[in-house]
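Data block below; observations after.
Rule-based calculations on the coordinates, nothing more; no lab input. Bear in mind that the values here come from a model prediction, so they are computed numbers and not experimental data. Note that each Cβ is placed from the backbone with ideal geometry, even for glycine, and that neighbours are counted across all protein chains shown.
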Amino acid sequence: MGAQMTDLKGEHGTLASNFATFQEQMQNVQDEVRSTVRQPHPPPPPPFRPVRPNSPPVELSTEDERSEPPSPPRRIRPRRRDDEPEKGKLKHDLPEFFGTSEPDKYLEWEMNVDKVFNMHYYAEDYKVNAAISQFHLNANTWWLDVNRRRRRDGDPEIVTWLQLKRLMRQNFVRKSYQKQLRNELQDLRQGSRTVWDFYWELVSLRTKLQLDESDESMEA
C-alpha cells in the first residue's frame with residue numbers, strides 16, 4: 001500500500017511538471033500573438049498609374065514648384081470690319097449739303113460722297129445715314145418732307161445709297177438740265193481741243209448722267 005502511494009505521488013509530480021511546461025508554452029504563444037497585433041500595418045501600395053508610351057515623364061524643378069500659377073490667357077479683340085466704323089465715325093469726312101438749286105453743285109457733292117464710299121466697304125444703311133447726317137437748311141427740310149410723304153403713302157424706307165441718289169437727282173437735278181447734258185454728250189466733238197481735254201469732257205458728261213459705255217452707245 002505504501003509503494004502504491006509513492007507511485008501515485010510520482011505520477012502526480014510528473015503531471016504537474018508537464019502542466020507547468022504547457023502553461024509556459026501557452027503564455028509564450030499568447031505573448032507572440034499580442035506582439036503581432038500591436039505592430040502597425042504597412043502602408044498600402046501606391047495606385048497604379050499607366051504611363052503613355054509617347055509621353056516622356058515630366059520632371060518639376062524646385063523653381064517650377066515655387067513659381068506662381070500661370071495667368072489666364074489674354075483675350076484677343078476681334079478686328080473691326082470696314083463696314084463697322086468705330087464709335088459711329090467715318091474714316092473720312094463727308095461734305096455738307098445745303099440743298100442748292102444749281103445742279104452742278106449737287107452733282108459735285110454726290111461725286112465726292114461716292115468717292116468716300118468707294119474707298120471702304122460700308123453697309124448700305126450706314127451710307128444712307130451718313131449722307132443724311134450732312135443735310136442742312138433746304139436739304140434737311142426736303143428730307144423731312146420726303147419722309148412725311150412716304151409714310152403717308154405707305155412707301156418703303158430708303159435703305160441704299162443708290163436709292164437715295166436717284167431720289168435726290170429727281171429733286172436737285174432738273175429734267176431740263178439732264179436733257180441739256182445729253183445734248184452736249186451727243187454733240188461732243190474734239191475740234192481744236194487736245195485728246196486729253198476731249199476725253200475728260202466726255203468722262204465728265206457721262207459721270208453726271210451716270211452712263212456707262214453701253215448707255216452712251218444707246219444714246220448715240
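Observations on the model:
- Förster-model FRET efficiency, 45 Å R0, Leu144 and Val203, C-beta, rounded to 0.05: 0.80
- The residues Val128, Val203, when put in order of fewest to most other Cβ atoms within 10 Å, stand as Val203, Val128.
- Proxy reagent accessibility, fewest Cβ within 10 Å first, across Val113, Val146: Val146, Val113
- Fewest neighbouring Cβ atoms within 10 Å first, the residues Ser101, Ser204, Ser133 line up as Ser101, Ser133, Ser204.
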